[in-house]
Amino acid sequence: MADMKKLFIYMMVLGFTVACGPGRNKEEKQPPVAAQHEKQLIIHGDTRIDPYYWMNDRNDPAVISYLEAENEYLEYKMAHTLPLQEKLFEEMRGRIREDDASAPYYRNGYFYYTRFETGGEYPIYCRKQGSLDAKEEIMLNVNELAKHHPYYNVGRFDVSLDNRWMAFTVDTVGRRQYTIMLQDLATGQITQTGIENAGGDVVWSADNQTFFFSSIDPQTLRYDKIYRFNTRDDAAPEKVYEEFDETFYYIGISRTKDNRYLTVTANSTLSNEIWILNASNPHGEFRVFQPRQRDLLYRIWSYNGSFFVLTNHQAQNFRLMETSPDKTRLENWREIIAHRPDVLVETMDIFDDYIVIQERQRGLRHMRIIHKVTGEIHYLPFEEEAYTASIGINAEMSTPVLRYNYTSLTTPSSTFDYNMDTRETVLVKQQEVLGGFSPDDYETRRLYAVARDGAEVPVTIVHKKGINKDANNPLLLYAYGSYGSSADPRFNANVLSLLDRGFIYAIAHVRGGQDLGRQWYEDGKLLKKINTFNDFIDCAHFLIDEKYTKPSLLFARGGSAGGLLMGAVINDSPELFRGVIAAVPFVDVVTTMLDESIPLTTAEYDEWGNPNIKVYYDYMLSYSPYDNIRTQDYPDLLVTSGLHDSQVQYWEPTKWVAKLRTHHTGEADILLYTNMEAGHGGASGRFRRLRELAREYAFIIDLARR
């Protein structure tokens, strides 16, 4: 069988392939044909055959040859769009101020910011002491560090409290396996610590010589341990925490805003547990804040000898509690802000005189500001019909100024400072959009589609002013709908390349996110996952019925778990869409969730279900895109992947495309692009990412013009 597979690959690479679908031009280059191996999977007495299971070996030269052949086929099929891709790339790049810088924020005596240089792919991390007029100190020039790497990502960094040392994490593959580097900020010298397989978190203690970091299991990539490392001796890192429960997928280390405590947080989907240690005693023992309980989630903020606790205990949409450092268990928590069934409390920030609560109601965020002494409450005013606001970086407590972020589909990303005493607002930084952009040329609206079960699903749209609702507009519909991640409307200058060509861009806020509160999430997971797919289809019908578009001009896009959504809806309703982009799609749900050796599986039982339990196995088998491919016409499909993807393994989209081609009966193209040098997020450089996006946009624009 191995020889047969190699024969197929050899024939494929030479171009001796079989036509896929009736009526094709025999002289046209045909898509790669994947060899088939029958692998039986017997679960709950049910025998399943997976003919493409052999693709899950990235070290097999035949697999690499197949992926490369798929890339070559995509280049062939999209060769006629190369001028359009180049034009799109130049347009999108032309809107960027290439020498831009972020809004500086103040922390411990320094202003920190990142900036770019013209032509540079990567950011430069900088700081200035005491004043924005002070001399710039370059901490990291990532362009220099990345010179000899096709992929380079600085994960996180932390500066010691004496401002002398910086520890930072680096990933050169795209698989979230970091190494830790140490820099002497006085000399600029960077040294290797020898620490590999780090998880990305790195935090200094108050002694300025000991830092803590998370590590990951190199096989499953589950964050599972916390270490401390003394930079002044030659001792190996010392393990201080290990998580043995495999459903707890992320173990993080951080320092509280007041710098008093180090916190270790172990997270699962439905519960978490926090351990604390005085930051001035880095060699002490962590103690548990509140032991884990099923369905109990909580976060903590340290302030002035007490802890604020944001929790879902007897509060589905969360409430705020307070307790003392020596009595941190649940029975000692005292309510400060009560639960409200129609308002989700997302997060908060703490200042000397104020508490700021970030809330969500009817799909929109609000900032609730509470004076600690008087109890007076007021809200920040936001006037657009649909927008996104969020608490920004507020590193200091002894200030009345709140840094917050604001954006909408027509308002570029903006950073504001709001004086909570005087209630005055100052715009600190707004994304500069070159090329003649004016928000007055575009219109954004919040609509509501009624789903088949009566639920009202928000849909946010943006388009150029003056379009006609005559069903003749191309429309790109986006959604995610998993993990409680809300699809908030944010400005994206790249989307202007679609809007200026007559497209409408729409976001469907489907169940599975937390757009309308915690229940909105609960109603789109586990044995209710089908609601996510139905919502998207019903939103598509709504936009068609309202004559914003029609099926021949309707496009869809989703990535990762949103790629699962794309796979499910084209199995169910392929006739609704002209073309679909599925980015790094999670489409082989059953096989992946049965394989505990690969990343994220056991950690996600509370999201998708444990397939070793029959009711969950049967349910996910009923919607898994790979398992429900039908013999039917599919829309044109562009699928993207990353060879080093740590979240959705590359073989899922690869197998999916191969199987789709054997069942597809129409003339539409099914194309696969695999980035052979990156992971889940695609290319690491800002302009390289634009190249990939230009390909996606060219794909749908070309289809809309036919």
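The values are calculated or read from the model by the stated rules, or taken from the named source; none is laboratory data. The structure displayed is predicted, hence computed values, not measured ones. Cβ placement follows ideal geometry from the backbone for every residue including glycine, while neighbour counts extend to all protein chains displayed.
Residue by residue, here is whether (1) among the β-branched types (Val, Ile, Thr); (2) within 17 Å of the chain's Cα centre (by Cα); (3) at pLDDT 95 or above; (4) farther than 30 Å from Glu443 by Cα holds:
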site: Asp545; (1), (2), (3), (4): no, no, yes, no
site: Ile581; (1), (2), (3), (4): yes, yes, yes, no
site: Val590; (1), (2), (3), (4): yes, no, no, yes
site: Met593; (1), (2), (3), (4): no, no, no, yes
site: Asn610; (1), (2), (3), (4): no, no, no, yes
site: Tyr623; (1), (2), (3), (4): no, no, yes, yes
site: Arg630; (1), (2), (3), (4): no, no, yes, yes
site: His644; (1), (2), (3), (4): no, yes, no, yes
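Can you name the residue in segment 145-190 that is among the β-branched types (Val, Ile, Thr) and crowded, with 16+ Cβ neighbours inside 10 Å and is also farthest from the chain's Cα centre (by Cα) among such residues? Walk me through how you get there before you give the answer.
Kept after step one, since they are among the β-branched types (Val, Ile, Thr), are these residues of segment 145-190: 154, 159, 169-170, 172-173, 179-180, 187, 190.
Those still in the list that are crowded, with 16+ Cβ neighbours inside 10 Å too: 154, 159, 169-170, 172-173, 179-180.
Working: Val154: 16, Val159: 26, Thr169: 19, Val170: 19, Thr172: 19, Val173: 18, Thr179: 22, Ile180: 23 Å.
Out of the qualifying residues, it is Val159.
Considering only segment 659-671, state which residues are in contact with a helix residue (DSSP H, G or I) (Cβ under 8 Å, 6 or more places away or on another chain) and either closer than 12 Å to Val587 by Cβ or part of a loop (DSSP other than H, G, I, E, B) (or both). Can you show your working first?
The first filter runs over segment 659-671 and keeps only residues in contact with a helix residue (DSSP H, G or I) (Cβ under 8 Å, 6 or more places away or on another chain), leaving 659, 669-671.
Matches in segment 659-671: Lys659, Asp669.
Taking the condition of being buried (at least 18 other Cβ atoms within 10 Å of the Cβ) and in contact with a helix residue (DSSP H, G or I) (Cβ under 7 Å, 6 or more places away or on another chain), how many residues in segment 266-312 meet it?
Residues flagged as buried (at least 18 other Cβ atoms within 10 Å of the Cβ) and in contact with a helix residue (DSSP H, G or I) (Cβ under 7 Å, 6 or more places away or on another chain) within segment 266-312 amount to 3.
State which residue is modelled with the lowest pLDDT when the search covers only segment 234-253 and only residues that are under 30 Å from the mean Cα position of the chain (by Cα) and among the hydrophobic types (A, V, I, L, M, F, W, C).
Residues of segment 234-253 that are under 30 Å from the mean Cα position of the chain (by Cα), as a first pass: 239-253.
When the remaining residues are screened for being among the hydrophobic types (A, V, I, L, M, F, W, C), the result is 240, 244, 248, 251, 253.
Details: Val240: 96, Phe244: 91, Phe248: 88, Ile251: 91, Ile253: 95.
Checked segment 234-253; the qualifying residue modelled with the lowest pLDDT is Phe248.
Residue by residue through segment 88-103, note down the ones that are farther than 17 Å from Asn141 by Cα and not in a strand (DSSP E or B). Before you say what the answer is, go through the steps one by one.
So the first thing to find is which residues in segment 88-103 are farther than 17 Å from Asn141 by Cα, and the list is 88-97, 103.
Within segment 88-103, Leu88, Phe89, Glu90, Glu91, Met92, Arg93, Gly94, Arg95, Arg97, Ala103 meet the criteria.
Quick check on Ala540: is it assigned to a helix (DSSP H, G or I), buried (at least 23 other Cβ atoms within 10 Å of the Cβ) and of a type in the set (Gly, Ala, Ser)?
Numbers: assigned to a helix (DSSP H, G or I): yes; buried (at least 23 other Cβ atoms within 10 Å of the Cβ): yes; of a type in the set (Gly, Ala, Ser): yes.
So Ala540 passes the test.
Cβ-Cβ under 9 Å, sequence separation 6+ or interchain: first residue in segment 432-458 and without any contact (Cβ under 8 Å) to a residue 40 or more places away in the chain, partner charged (D, E, K, R) and in a strand (DSSP E or B). Which pairs?
Once the first residue is without any contact (Cβ under 8 Å) to a residue 40 or more places away in the chain and sits in segment 432-458, its partners that are charged (D, E, K, R) and in a strand (DSSP E or B) give Asp441/Lys464; Glu443/Lys464; Tyr448/Glu456.
Consider only pairs whose beta carbons are under 6 Å apart and that are at least six residues apart or on different chains; among these, list those whose first residue lies in segment 311-337 and is under 18 Å from Pro291 (Cα atoms) and whose second residue is of a type in the set (Asp, Glu).
So the pair list comes out as Met321/Glu335; Arg334/Glu322.
Go through (1) surrounded by 14 or more Cβ atoms within 10 Å (Cβ to Cβ); (2) farther than 29 Å from Trp204 by Cβ; (3) free of Cβ contacts under 8 Å to residues at least 60 places away in the same chain; (4) not small (Gly, Ala, Ser) and name the single condition Asp99 misses.
Unmet for Asp99, out of (1) surrounded by 14 or more Cβ atoms within 10 Å (Cβ to Cβ); (2) farther than 29 Å from Trp204 by Cβ; (3) free of Cβ contacts under 8 Å to residues at least 60 places away in the same chain; (4) not small (Gly, Ala, Ser): (1).
Does segment 627-636 contain any residue that is in contact with a Leu (Cβ under 7 Å, 6 or more places away or on another chain), surrounded by fewer than 20 Cβ atoms within 10 Å (Cβ to Cβ) and not in a strand (DSSP E or B)?
Pass one, segment 627-636, residues in contact with a Leu (Cβ under 7 Å, 6 or more places away or on another chain): 627, 629, 634, 636.
From what's left, surrounded by fewer than 20 Cβ atoms within 10 Å (Cβ to Cβ): 627.
Next cut, not in a strand (DSSP E or B) only: 627.
Yes, segment 627-636 contains a residue that is in contact with a Leu (Cβ under 7 Å, 6 or more places away or on another chain), surrounded by fewer than 20 Cβ atoms within 10 Å (Cβ to Cβ) and not in a strand (DSSP E or B).
Does Tyr478 count as within 27 Å of Arg686 (Cβ to Cβ), surrounded by 19 or more Cβ atoms within 10 Å (Cβ to Cβ) and out of contact with any Ser or Thr (no Cβ under 7 Å at 6 or more places or on another chain)? I'd like the intermediate steps shown before the answer.
Working: within 27 Å of Arg686 (Cβ to Cβ): yes; surrounded by 19 or more Cβ atoms within 10 Å (Cβ to Cβ): yes; out of contact with any Ser or Thr (no Cβ under 7 Å at 6 or more places or on another chain): yes.
Against the criterion (within 27 Å of Arg686 (Cβ to Cβ), surrounded by 19 or more Cβ atoms within 10 Å (Cβ to Cβ) and out of contact with any Ser or Thr (no Cβ under 7 Å at 6 or more places or on another chain)), Tyr478 qualifies.
Given the conditions (1) modelled with pLDDT under 95; (2) over 22 Å from Met55 (Cβ atoms); (3) in a loop (DSSP other than H, G, I, E, B), which single one is not true for Gln649?
(2) is the only condition that Gln649 fails.
Looking at segment 421-442 only, could you name the residues that are exposed (fewer than 11 other Cβ atoms within 10 Å of the Cβ) and basic (Lys, Arg)?
Passing the criteria: none in range.
Scan segment 152-167 and tell me whether some residue there is in a loop (DSSP other than H, G, I, E, B), in contact (Cβ under 8 Å) with a residue 40 or more places away in the chain and of a type in the set (Phe, Trp, Tyr).
Looking only at segment 152-167, we keep the residues that are in a loop (DSSP other than H, G, I, E, B), and these are 152, 160-164.
Going one step further and asking which of them are in contact (Cβ under 8 Å) with a residue 40 or more places away in the chain, we end up with 152, 160-164.
From what is left, the residues that are of a type in the set (Phe, Trp, Tyr) are 152.
Checked segment 152-167: at least one residue is in a loop (DSSP other than H, G, I, E, B), in contact (Cβ under 8 Å) with a residue 40 or more places away in the chain and of a type in the set (Phe, Trp, Tyr).
Only one residue in Thr265, Thr210, Thr256, Thr231 is at pLDDT 95 or above, more than 29 Å from the chain's Cα centre (by Cα) and not acidic (Asp, Glu). Which one? Walk me through it before giving the result.
Details: Thr265 fails: more than 29 Å from the chain's Cα centre (by Cα); Thr256 fails: more than 29 Å from the chain's Cα centre (by Cα); Thr231 fails: at pLDDT 95 or above.
One residue alone meets the criteria, Thr210.
Failed condition for Gly45, given (1) at pLDDT below 90; (2) more than 25 Å from the chain's Cα centre (by Cα); (3) at negative phi, with all others met?
Checking Gly45 against (1) at pLDDT below 90; (2) more than 25 Å from the chain's Cα centre (by Cα); (3) at negative phi, the one that fails is (3).
Which one of Glu117, Glu196, Glu121 is acidic (Asp, Glu), within 23 Å of the chain's Cα centre (by Cα) and either over 24 Å from Pro104 (Cα atoms) or not in a strand (DSSP E or B) (or both)? Quick ask: steps written out before the conclusion?
Details: Glu117 fails: within 23 Å of the chain's Cα centre (by Cα); Glu196 fails: within 23 Å of the chain's Cα centre (by Cα).
One residue alone meets the criteria, Glu121.
Could you pull out the residue among Tyr52, Tyr66 that is crowded, with 20+ Cβ neighbours inside 10 Å, touching a Lys or Arg at 6+ places or on another chain (Cβ under 6 Å), more than 30 Å from Lys429 (Cβ to Cβ) and of a type outside the set (Asp, Glu)? Working first, answer last.
Working: Tyr66 fails: touching a Lys or Arg at 6+ places or on another chain (Cβ under 6 Å).
Residue meeting the stated conditions: Tyr52.
If you go through segment 483-534 one residue at a time, how many are surrounded by 21 or more Cβ atoms within 10 Å (Cβ to Cβ), within 20 Å of Arg360 (Cα to Cα) and among the aromatic types (Phe, Trp, Tyr)?
Adding up the residues that qualify gives 3.
Could you please let me know if Glu346 is within 17 Å of Asn405 (Cα to Cα) and modelled with pLDDT under 95?
Numbers: within 17 Å of Asn405 (Cα to Cα): yes; modelled with pLDDT under 95: no.
Criteria not met by Glu346.
Could you list, ordered by first residue, the pairs with Cβ atoms under 7 Å in which the first is in segment 685-696 and under 19 Å from Asn153 (Cα atoms) and at pLDDT 90 or above and the second is not in a helix (DSSP H, G or I) and not hydroxyl-bearing (Ser, Thr, Tyr), at least 6 apart or interchain?
The qualifying pairs are Glu692/Gly682; Glu692/Ala683.
Which numbered condition trips up Glu331, out of (1) outside any loop (DSSP other than H, G, I, E, B); (2) surrounded by 14 or more Cβ atoms within 10 Å (Cβ to Cβ); (3) charged (D, E, K, R)?
Condition (2) is where Glu331 drops out.
Tell me which strands (runs of 3 or more DSSP E) are completely within segment 349-415 and hold 3 or more residues being within 28 Å of Leu434 (Cα to Cα) and either in contact (Cβ under 8 Å) with a residue 40 or more places away in the chain or hydroxyl-bearing (Ser, Thr, Tyr) (or both), or say none if there are none. Don't jump to the end; show me each part of the working.
Numbers: elements: 354-361, 364-371, 377-379, 388-391, 401-407.
Answer list for segment 349-415: 388-391, 401-407.
Against the definition (touching a residue at least 40 places away in the same chain (Cβ under 8 Å) and touching a helix residue (DSSP H, G or I) at 6+ places or on another chain (Cβ under 9 Å)), how does Tyr105 come out, yes or no? Let's see the steps before the verdict.
Working: touching a residue at least 40 places away in the same chain (Cβ under 8 Å): yes; touching a helix residue (DSSP H, G or I) at 6+ places or on another chain (Cβ under 9 Å): no.
So Tyr105 does not fit the description; no.
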